[in-house]
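The values are calculated or read from the model by the stated rules, or taken from the named source; none is laboratory data. All figures in this text were calculated on a predicted structure; none of them were measured in a lab. Every residue, glycine as well, gets a Cβ built from its backbone with ideal geometry; the counts of neighbours run over all protein chains shown. Quick note on the areas: whole protein, heavy atoms, side chains included, nothing else; ligands and nucleic acids left out. Shrake-Rupley method; radii C 1.70, N 1.55, O 1.52, S 1.80 Å.
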Amino acid sequence: MSRQGQNVRKGLVVAVALAMSLFARGESPQTFELVTNGVPAAALVSSPGAEDAVGVFVTEAAKCLEGRKFPVVAEPPETGNRIVFAVRNSSYAKEDAYRMTFPDARTLRIECTRVSARWAVNRLLTKGLGISYLSPCSMPDGGSFDDYPKVSRATLPIEP
């Protein structure tokens, strides 16, 4: 085997060993806590234009949390996690666009329009809490085809 091949093989062995040691220690990417022990772990910081979307989030999330509701505040709290809505005006062509960022480990910032605030909330409900919206119709008995799993812990990976 050539010297270059031996170096590649050694590098691969080191990379696999490092990955296995991280896995064995249980280290994972940093996460943003949404729900801890069945209780909301973040406050929603609403802003003008996001009220309807925030209301939908609180109502839908409570179905997974035995009626417990995420707190809605006007200003970011001093402690604990927070989901901050930053509503902006946009052209019609870009009104569906939103962006989720983590400026720090305790803050999920949602830059959105009045329209896209709802799209962002839907993403949090489905990806964060595991809600499945299966049909826009109701069942004859007044039930729903949607799935609201009971949630004791929910996190989001903090990533770019």
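Against the definition (of a type in the set (Lys, Arg) and in a loop (DSSP other than H, G, I, E, B)), how does ARG68 come out, yes or no? Judged against the criteria, ARG68 is a match. Against the criterion of being open to solvent by less than 60 Å² (accessible area, probe 1.4 Å) and within 20 Å of VAL39 (Cα to Cα), THR155 qualifies. Checking each residue in segment 62-105 for being at pLDDT 95 or above, charged (D, E, K, R) and open to solvent by less than 80 Å² (accessible area, probe 1.4 Å) picks out only ARG82. Taking (1) touching an Asp or Glu at 6+ places or on another chain (Cβ under 6 Å); (2) at pLDDT below 95 in turn, GLY49 satisfies each apart from (1).
Can you name every residue in segment 29-46 that is open to solvent by 60 Å² or more (accessible area, probe 1.4 Å) and either assigned to a strand (DSSP E or B) or at pLDDT 95 or above (or both)? Steps first, answer last, please.
Taking segment 29-46 as the starting set, the residues that turn out to be open to solvent by 60 Å² or more (accessible area, probe 1.4 Å) are 29-30, 37, 39.
Scanning segment 29-46 gives ASN37, VAL39.
Mind checking whether some residue in segment 125-132 is in a loop (DSSP other than H, G, I, E, B), surrounded by 14 or more Cβ atoms within 10 Å (Cβ to Cβ) and touching a helix residue (DSSP H, G or I) at 6+ places or on another chain (Cβ under 7 Å)? Within segment 125-132, one or more residues are in a loop (DSSP other than H, G, I, E, B), surrounded by 14 or more Cβ atoms within 10 Å (Cβ to Cβ) and touching a helix residue (DSSP H, G or I) at 6+ places or on another chain (Cβ under 7 Å).
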